[in-house]
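The values are calculated or read from the model by the stated rules, or taken from the named source; none is laboratory data. Computed from a predicted structure; not experimentally measured. Positions of Cβ are backbone-derived with ideal geometry, glycine not excepted, and every protein chain shown enters the neighbour counts. In case anyone asks, the SASA skips ligands and DNA or RNA and just uses the protein heavy atoms, side chains included. Shrake-Rupley method; radii C 1.70, N 1.55, O 1.52, S 1.80 Å.
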Amino acid sequence: MKRILSAILCLGLACCAAQAQSSRGNLELSDDLTYGYLFCHMSDHGQWTAYALSQDGLHFHDLISGKPVFDQTKLAGIEGGTRDAYIFRAHDGSGYLMVTTDMNNSKTRELGKSSEWENYGIDLLRSDDLLNWKSTTFDFRKGLDIFMDGSDKVASVYKDWSKVCRVWAPQVIWDDDYIWADGRKGGYMVYFSMLNRAEEKYDRMYYCHADASFTQMTQPQILFDWGYATIDADINWVEADSRYHLMIKKEGGKPGLFTSSAPALTGPWPQPDENDYIRFEGNKLCEGVSAFKVAGEEGWQIGYIEYSSNPRNYRICSADKNMRNFRNPQPIEGIDGPQHGSFMRVTKEEYDMLQKWSDSLEPWYLERDVNNPVFPGLYADPEALYSEKTGKYYIYPTTDGVFGWHNYDFHCFSSSDLKNWKDEGVILDLRDLDWGKEYAWAPCIIEKPIYKDKKHKKIEGYKYYFYFVANKTIGVAVADSPEGPFKDALGRPLITKEEAGTPNDVIDPDVFMDPATGKYYLYWGNSYMWMAELADDMVSFVPGTMKELIPRSKIGEYHYLEGSYVFERNGLYYFMWSENRTRSTFYQVRYLISESPTEFIRNGKPAKVEEQVVLHQVPEHQIFGTGHHSVLNIPGTDEWYMVYHRYTRPEGVKMGMSGGYNRETCIDKMEFNEDGTIKTVVPTL
């Protein structure tokens, strides 16, 4: 009922989405279709079709948490599963069409199939509003009786249709040139790979033509046969060279994702140029190609699945205007379990309608927060401290929620139990400084005891040194209390990139006291990592101690971007940091273990980055952008916590890259293996 009521709200929107159809194919270039993108795909969690939206064609977010858009058990008439969804507009703008592989490999035994990769047909779906769908199922085992006559009566491609055992990855393109037997012109060319193991040795490409109602098809004919298996074809009309281009997975010859071109939809399709293919995945296996154009760009974007890895990766790479020269692969962002699918450009009305529909159902699909975020509001880059003076815990975050991070103040939050937090207010405002008025980022703090008798460790008080970013340089402020207020100690930056001799901004400080020596160190970096020993006054450096730990040339080797954090446990030093772009949903935490606080060394050899990621996104709970953390140890115990930020949930990921300006602070337990390595931290709700 909820879906029906929501659909009523958007009746009539389909007529607003009528596109200026290209003279060939399904290419949509109308000025109305520049607002956003719909990714319609198979979910990696099941045999269903899911939706995701984007405004830039790379940063997406799930609708209804990636759950089924429709009941696939009712629309897939053979096996109850819809895979490899290809969505597009009706050629006359009258609605929306979709074609799917009718297959459910989770029910192989129940369906009596000899292989989980067997299937027998496809589903043709129609909708007026993108939400309510009707389908016509074609079970190819039933033979020629299910097909209609086309422009010509052709010989059957099989003697025994009951032996059809694979009909995979159908896609559709409008064919202006097709002429029906009664003289009508134009039809939907439905193309797919098919296998009849009793009569052919490998999967070949076939095609049919469907009528305007998208409920009837002509009998299949061979599209091409290259002498080896070919699957997952995607055909587009390319205006730049006035030819049809086909992207396809070759499973013979040189395997991989290749392109071919032809003057007509039915060919002839020559063998691909084996020097022009998606080569940057090396020996990894790829499939599920889907090409689309980003509004305003000359070239193409190519979506595909790299399925050798675990978990599988869905990537988008770029191609030139001729759909050649593939480059710059990037993972698709913000989607839980993206798999074989297709992209359709949408209007603002369509985008808003789909988002409103999803938002109305979100409470039924998305689990609610319980423990996180730890306090309300938009705050990022949290620095944690336990104060010996007060016996309380403190968090010092970046104030978030400002586009471009043009923020100017720092807050402090206090707690006695890590659950109930009090906002102590603004402890430092950059507008009070003479040298830095904005970009108040990523602070760190340390409590330093003041000894009346240092030899006998008699403490008479504490000083608090707060290292912060202002105008993309590092400053230092001092207070007598962890709640502040803090006062600028120098009236100038502690260090700038010119003084450090680094090409990038001097940001993201981390302060650490080595319990073995009592020395204090400051670490910082942005696409590099530097450090220096702090002098006893804590507002200057010991001469000659500044050094580079990770040069720019090795950030790929170390998976390093920013957000350094160092702590000690059982005589080992843990160097931690965040990798990937700051505003990426894939922002996450890596680390290495060293035997020194000033160099990466382990067992007499250079210390290497641990393979496993300590903290990463959890798409099924819409937890994204987990990173820039600090670590908190409960005094006198081996109990540890990671304090970090994530996109504000669930709104953040819907903002695309702007989600990186809208983050919230979380805490989760951090545990260790017997060998001292860190177990993966599981972000909780």
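Does D381 meet the test of being more than 16 Å from L58 (Cα to Cα) and surrounded by fewer than 21 Cβ atoms within 10 Å (Cβ to Cβ)?
Numbers: more than 16 Å from L58 (Cα to Cα): yes; surrounded by fewer than 21 Cβ atoms within 10 Å (Cβ to Cβ): no.
No: the conditions fail for D381.
Which is open to solvent by 10 Å² or more (accessible area, probe 1.4 Å) and either under 24 Å from F224 (Cα atoms) or in contact (Cβ under 8 Å) with a residue 60 or more places away in the chain (or both), of E199, E116, E110?
On the way: E116 fails: either under 24 Å from F224 (Cα atoms) or in contact (Cβ under 8 Å) with a residue 60 or more places away in the chain (or both); E110 fails: either under 24 Å from F224 (Cα atoms) or in contact (Cβ under 8 Å) with a residue 60 or more places away in the chain (or both).
Matching residue, one of E199, E116, E110: E199.
Among the residues of segment 422-470, the one identified as among the hydrophobic types (A, V, I, L, M, F, W, C) and farther than 20 Å from A489 by Cβ is I459. Within segment 384-397, being open to solvent by 40 Å² or more (accessible area, probe 1.4 Å) and not acidic (D, E) holds for Y386, K389, T390, K392. What is the number of the single condition among (1) closer than 27 Å to S342 by Cβ; (2) over 41 Å from the mean Cα position of the chain (by Cα) that K159 does not meet? Here K159 clears every test but (1). Scoring A212 on the criteria (1) in contact (Cβ under 8 Å) with a residue 24 or more places away in the chain; (2) more than 39 Å from the chain's Cα centre (by Cα); (3) open to solvent by 60 Å² or more (accessible area, probe 1.4 Å) leaves a single failure, condition (2). Of all residues in segment 238-252, those being open to solvent by 60 Å² or more (accessible area, probe 1.4 Å) and either in contact with a Phe, Trp or Tyr (Cβ under 6 Å, 6 or more places away or on another chain) or among the basic types (K, R) (or both) number 1.
Residue count for segment 398-448, restricted to those that are open to solvent by 70 Å² or more (accessible area, probe 1.4 Å) and either in a helix (DSSP H, G or I) or of a type in the set (S, T, Y) (or both): 5.
Yes or no, residue by residue, for (1) surrounded by fewer than 20 Cβ atoms within 10 Å (Cβ to Cβ); (2) farther than 22 Å from A295 by Cβ; (3) at pLDDT 95 or above; (4) touching a helix residue (DSSP H, G or I) at 6+ places or on another chain (Cβ under 9 Å):
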{"residue": "H41", "(1), (2), (3), (4)": "no, no, yes, no"}
{"residue": "A50", "(1), (2), (3), (4)": "no, yes, yes, yes"}
{"residue": "I64", "(1), (2), (3), (4)": "no, yes, yes, yes"}
{"residue": "G77", "(1), (2), (3), (4)": "yes, yes, yes, no"}
{"residue": "T82", "(1), (2), (3), (4)": "no, yes, yes, yes"}
